[in-house]
Amino acid sequence: MNTVTVSPKYQIVIPKKPRESLNIRPGQQLHVIVYNGRIELIPVMSIDEAYGFLEGMNTSFEREEEDRV
């Protein structure tokens, strides 16, 4: 597990392995989400990058009654 230290300006450095595996570039934006007591950083994708990223997703699951249209 990678560990980071928060600077006095509340900044962190994203370790090299996660940065490379997610192809995070300098100046790229990340969504910051607080979820179940943790912080999640989600790379913002451009429209071109997002095109087709859900291809092959299995949508054959049973929906909850209130979600059925």
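The values are calculated or read from the model by the stated rules, or taken from the named source; none is laboratory data. Given the structure is predicted, the values throughout are model-derived calculations rather than measurements. Here Cβ is always computed from backbone atoms with ideal geometry, including for glycine, and neighbour counts include all displayed protein chains.
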Qualifying residue in segment 22-30 (condition: basic (K, R), out of contact with any helix residue (DSSP H, G or I) (no Cβ under 7 Å at 6 or more places or on another chain) and part of a helix (DSSP H, G or I)): no
Residue that is modelled with the highest pLDDT [pool: residues in segment 34-60 that are over 17 Å from V4 (Cβ atoms) and surrounded by 10 or more Cβ atoms within 10 Å (Cβ to Cβ)]: V44
Near pairs, Cβ below 9 angstrom, 6+ apart or cross-chain, from segment 13-28 (modelled with pLDDT of 90 or more) to any residue that is assigned to a loop (DSSP other than H, G, I, E, B) and among the polar types (S, T, N, Q): V13/T5; V13/S7; I14/N2; P15/N2; P15/T3; K16/N2; K17/N2; P18/N2
Which numbered condition S7 fails, given (1) of a type outside the set (D, E, K, R); (2) touching an Asp or Glu at 6+ places or on another chain (Cβ under 9 Å); (3) surrounded by fewer than 10 Cβ atoms within 10 Å (Cβ to Cβ): (2)
